[in-house]
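As structure tokens, the structure follows; a few thoughts come after it.
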Number of protein chains: 2
Amino acid sequence: MEKVRIALLGLGNVGKGVWNILNTNREAIIKRAGYDIEIAKILVRDKNKARDVEVPQELVTTDAEEIFNDDSIKIIVEVMGGLQPAKDYILRAIKERKHVVTANKLLIATNGKEIFEAAEKNEVIVNFEASVAGGIPVIHGINESLTANKIEEVIGIINGTTNYILTKMTLEGMDFEDALKEAQEKGYAEADPTSDIESYDAAYKLAILTTLAFETNVDVDSIYREGITRITSKDIEYAKELGYVIKLLAIVKEVDGKLELRVHPTMIPSIHPLANVNDSFNAIFIKGNAVGDLMLYGRGAGELPTGSAVVGDIISVLRNDGDRASIVTSRYEDKEIAPMDNIDAKYYLRITVKDMPGVLGEIATIFGQEQVSIASFIQKARREDKGLVSIVIVTHDTLEGRINKSLEKINDLDIIKKVENVIRIEKLGLK
Amino acid sequence: MEKVRIALLGLGNVGKGVWNILNTNREAIIKRAGYDIEIAKILVRDKNKARDVEVPQELVTTDAEEIFNDDSIKIIVEVMGGLQPAKDYILRAIKERKHVVTANKLLIATNGKEIFEAAEKNEVIVNFEASVAGGIPVIHGINESLTANKIEEVIGIINGTTNYILTKMTLEGMDFEDALKEAQEKGYAEADPTSDIESYDAAYKLAILTTLAFETNVDVDSIYREGITRITSKDIEYAKELGYVIKLLAIVKEVDGKLELRVHPTMIPSIHPLANVNDSFNAIFIKGNAVGDLMLYGRGAGELPTGSAVVGDIISVLRNDGDRASIVTSRYEDKEIAPMDNIDAKYYLRITVKDMPGVLGEIATIFGQEQVSIASFIQKARREDKGLVSIVIVTHDTLEGRINKSLEKINDLDIIKKVENVIRIEKLGLK
């Protein structure tokens with residue numbers, strides 16, 4: 001069987017996963033790819049670093065040029081992550097007419113257009129299934145399987161760390177800090193968890209999904225982004241009472257020709273399939289105008305699940321004999337982003353007010369002026385030490401602009417101590 | 001843009017779906033396929049039949065030869081269903097070097113090998129995503145996305161009719177007959193529901209999934225098959241008490257190099273993602289040695305979801321310029337089927353016994369002799385009119401052969417009125 005030589009850029013977790021899968025499943029992979037895949041070179045920063053994977057020392061190099069200048073290497077597998085030097089390496093590989101498989105969400109989200117255009121020009125493939133949701137074939141799904149559809153919505157739980165934290169808060173009553181600490185101890189969260197808990201990670205992935213599903217170029221900065229740090233055990237508990245679960249959702253919806261593009265904690269009905277996606281699992285819910293509702297569920301991270309996507313992408317290049325365009329951004333039309341004020345949803349508001357008569361009336365009057373209709377209005381625990389009470393308000397469907405105007409006025413009221421939290425309750429019909 | 005002429009064989013529900021999708025999403029599909037797709041001919045049995053889809057009369061023909069002899073027609077879309085004449089038409093099309101897209105589960109399950117080998121020989125593509133689970137891209141998923149994996153298990157809810165019936169029984173307390181009647185009224189079940197409720201339909205789909213996931217040829221008759229007709233409201237209720245939900249599962253697992261291959265009602269933990277797949281939705285749970293646990297969820301039937309898969313397959317042929325082998329059965333190795341006696345599971349048994357002392361002891365003794373260990377033993381409702389009581393037994397993990405031997409002996413006991421039902425409780429760990 002003909003041999004194909006490939007090179008790994010990086011030998012971290014994902015690189016190890018790729019190495020292990022190619023060895024463990026070698027026979028089956030060769031049959032399916034139609035080629036014997038040989039890892040010819042592995043680029044690392046430090047040759048002497050201790051690694052819990054055994055690779056022959058002669059494959060390891062710190063010199064990228066060795067790889068780019070080797071014409072016998074046909075595919076570059078970029079699993080180093082980060083913007084640079086990954087970007088330069090990938091563009092260089094494309095120029096040398098090598099195919100590229102990458103797991104780099106940051107790079108594809110922010111520089112995808114440039115990379116895909118270079119690939120088109122040089123007639124090579126750039127595959128990137130592993131860049132979103134690890135082993136879940138969502139990119140393949142949108143790009144290859146759902147091509148008959150106009151996609152109307154993509155709603156994803158695409159950050160495992162925050163889903164783990166919210167699951168612990170929901171099922172075990174933990175508070176945010178404890179759940180975060182446990183996530184860090186288990187290796188689900190970084191020492192600096194900002195990228196996860198402030199939703200940067202999910203926003204990068206949403207940018208990629210949106211690019212594919214809506215055939216548009218997306219500026220990551222145009223994505224509305226809220227983290228989960230303001231979610232308290234109280235919110236979780238009240239959500240449960242109301243029949244909801246709180247999840248960090250990455251959402252893109254086409255409404256009246258514009259894209260709603262946002263990542264934020266969301267209340268969803270506890271019977272919805274996304275509500276039962278727990279721990280560090282990911283899931284992506286897709287609505288297409290032909291296929292209807294579709295959900296893909298699985299492991300969004302981890303060396304083997306992510307390696308599964310990377311190796312699948314390598315096989316895909318080989319099966320097509322490199323003879324297929326990956327993503328043709330040149331035919332994309334830029335879609336307009338809808339302003340957040342136009343979001344149409346129900347809203348959950350938790351407000352601390354002074355415990356005195358007339359409070360509800362004052363708040364209700366303001367909502368009435370802004371045409372926000374209230375679905376329920378519940379007085380919760382009394383904080384007797386300070387003469388304060390906590391109230392929870394759930395609105396009917398309304399525009400976010402109206403909520404914001406109402407809150408401006410409500411914040412000015414003497415009786416208001418603090419608007420503690422505002423959480424969108426997403427419309428999620430199963431059709 | 002270059003035009004590609006295709007022909008539909010059949011204009012039933014799926015045919016209508018294909019027609020409507022190709023028209024509604026025309027612009028997007030042309031861009032993605034790289035070709036303008038023209039439906040040049042539609043084969044029907046009766047030109048004058050009233051149809052709720054408007055197609056130009058000049059496209060419709062009753063003469064298949066018109067299609068096969070037209071060299072300008074590059075793709076045949078078989079959406080007529082049934083074994084014949086679908087099989088002859090597909091083989092004829094392949095011989096004429098036309099690519100084939102089919103939605104025909106019966107044909108692919110029983111004659112797939114012959115069809116794929118003909119396709120390989122004639123260098124054409126046969127795509128069949130729509131043959132299993134409608135719009136859910138499970139075939140694409142196994143064949144294209146999960147190629148890095150050794151697949152260890154595929155467990156599916158792949159019959160919408162029975163899932164609808166079991167959902168009604170579970171969530172609304174209906175009995176089987178009423179739920180079936182409602183399914184028939186809503187068009188989910190046929191007037192003769194045998195194929196669905198006796199699990200023939202699910203067995204065909206399981207045969208196809210097994211062929212792909214385990215790269216083996218499967219004889220449909222080698223699939224162990226039980227229907228849902230023996231499931232009563234009582235079983236549903238007791239399952240709930242025990243923390244389970246009853247689903248009709250199509251299961252294939254590789255255990256010690258042999259395939260367990262079976263379709264039967266199964267109790268699964270109510271917190272498992274498959275447990276919350278309700279109504280006529282389908283879902284397929286796949287365990288791969290790299291990707292871990294993966295689930296695909298969506299609409300398993302209906303003209304648009306199924307049409308979504310068919311049109312996706314057409315686009316896939318065009319994007320590859322027909323230049324790709326579909327399924328290469330010639331490299332498959334036949335895997336042995338494990339005998340049902342070797343199944344390792346927990347078992348739920350509902351038995352009607354005479355209401356007298358010593359009954360439990362006699363039954364427990366027999367189980368003990370066969371080394372079946374009992375996890376719980378519950379006396380349920382007393383049927384006072386006849387001096388009978390209903391008991392429910394749940395075993396620990398054991399071999400099915402031991403259960404069968406125990407039941408033979410138990411059936412001989414004087415105190416036994418009837419073993420009402422035996423339901424497997426499937427091991428479904430989330431890893």
- At residue B:178, label 7 Å along Cα→Cβ: distances to the other copies, nm, ascending? 4.4
- Message: Quick check: the angle from helix B:160-172's long axis to the longest principal axis of chain B, C-alpha only, nearest 10 degrees?
- Response: 40 degrees
- Task: Grab the range B:341-425 and count how many Lys pairs have their alpha-carbon atoms under 14 Å apart, sequence gap of 8 or more, or different chains.
- Result: 8
- Task: Determine the equivalent ellipsoid of chain A by diagonalising the alpha-carbon gyration tensor, then write out the semi-axes as square roots of 5 times the eigenvalues, largest first, rounded to whole Å.
- Result: 46, 23, 17
- Message: Test of understanding: what is the full-extension gain from residue B:334 to residue B:62, defined as 0.36 nm times their sequence separation minus their Cα-Cα distance?
- Response: 93.9 nm
- Note on the structure: Of the convex hull drawn through the C-alpha atoms of the protein assembly as shown, the volume per residue in Å³ is 197 Å³
- From the label point of residue B:1, set 7 Å from Cα along Cα→Cβ, how far away are the matching label points in the other copies, in nm, ordered shortest to longest? 3.8
- Any chance you could run the full-extension gain for residue A:96 through residue A:152? It's 0.36 nm times the residue separation minus the Cα-Cα distance, nm to one decimal. 16.3 nm
- Message: Within 10 Å of each Cβ in B:15-25, how many Cβ atoms from other chains are there, averaged over the peptide?
- Response: 2
- Note on the structure: Simple SL model, points at 7 angstrom along Cα→Cβ for residue A:289 and residue B:240; separation in nm is 4.1 nm
- Message: Can you compute the FRET efficiency between residue B:256 and residue A:38 using 1/(1 + (r/R0)^6), with r the Cβ-Cβ distance and R0 = 30 Å? Round to the nearest 0.05.
- Response: 0.40
- Note on the structure: Magnitude of the Cβ-charge dipole (Lys and Arg +1, Asp and Glu -1) of the range B:341-425 about the Cα centre, nearest 20 debye, reported as 280 debye
- Message: From the helices alone, meaning DSSP H stretches of at least four residues, give me the mean residue ellipticity at 222 nm for chain A, per-run term -39500 (n - 2.57), in deg cm²/dmol to the nearest 500.
- Response: -10000 deg cm²/dmol
- Task: Please list, or write none, the aspartates and glutamates whose alpha carbon is within less than 13 Å of the alpha carbon of residue B:47, excluding same-chain residues fewer than 8 places away.
- Result: B:58, B:63
- Taking one equal scatterer on every alpha-carbon of the range A:138-299, how large is log10 of I(q)/I(0) by Debye at q = 0.13, 0.16 1/Å? -0.59, -0.88
- Task: Averaging over all projection directions, find the projected area of the Cα convex hull of the range B:110-232 and quote it in nm² with one decimal place.
- Result: 9.1 nm²
- Semi-axes (Å, rounded, descending) of the ellipsoid equivalent to the range A:340-425 per its C-alpha gyration tensor are 22, 13, 11
- Note on the structure: All alpha-carbon distances of the range A:131-201, grouped into 10 Å bins from 0, give the whole-percent distribution 18, 40, 24, 16, 2
- ³J(HN,Hα) computed for each position of the range B:264-273 - Karplus, 6.51 cos²θ - 1.76 cosθ + 1.60, integer Hz, glycine/proline x: 6, x, 9, 8, 10, x, 5, 9, 6, x
- Per the charge dipole of the range A:340-425 (beta-carbon charges, Lys/Arg positive, Asp/Glu negative, Cα centre), the residue among A:357, A:387, A:373 reaching farthest to the positive end is A:387
- chain B: most fluctuating residue of B:250, B:148, B:189 per GNM, C-alpha cutoff 10 Å: B:148
- Fewest first, what order do B:172, B:120 take by the number of other Cβ atoms within 10 Å? B:172, B:120
- In the range A:39-69, the GluC sites (Glu not before Pro) that sit in a DSSP loop and have at most 10 other Cβ atoms within 10 Å of their own Cβ are A:54
- Item | Order of A:99, A:396, B:264 - criterion: other Cβ atoms within 10 Å of each residue's Cβ, fewest first | A:396, B:264, A:99
- On Cα atoms only, tilt of B:105-122 relative to the major axis of chain B in degrees: 40 degrees
- Working out 0.36 nm times the residue gap between residue A:28 and residue A:408, then minus their Cα-Cα distance, what length gain in nm do you get to one decimal? 130.6 nm
- Give me the aspartates and glutamates in straight-line cross-link reach of residue A:240: C-alpha distance below 16 Å, same-chain residues under 8 apart excluded. A:172, A:175, A:426
- Task: Return P(r) of the range A:14-160 (all Cα-Cα pairs; 10 Å bins starting at 0; whole %; ordered from short to long distances).
- Result: 9, 35, 38, 15, 3, 0
- Query: Can you list, shortest first and in nm, the gaps between the label point of residue B:56 and those of its counterparts in the other copies, using a point 7 Å from Cα in the C-beta direction?
  - Reply: 6.2
- Helix B:200-214 sits off the longest principal axis of the Cα atoms of chain B, rounded to the nearest 10 on a 0 to 90 degree scale, by 70 degrees
- Message: Using Cβ counts within 10 Å as a stand-in for footprinting exposure, how do A:31, A:49, B:418 rank, fewest first?
- Response: A:49, B:418, A:31
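Only the coordinates and a few stated rules stand behind these numbers; no lab work does. In this text, all values refer to a predicted model and were calculated from it rather than measured experimentally. Every residue, glycine among them, receives a Cβ derived from its backbone with ideal geometry; neighbour counts consider all protein chains shown.
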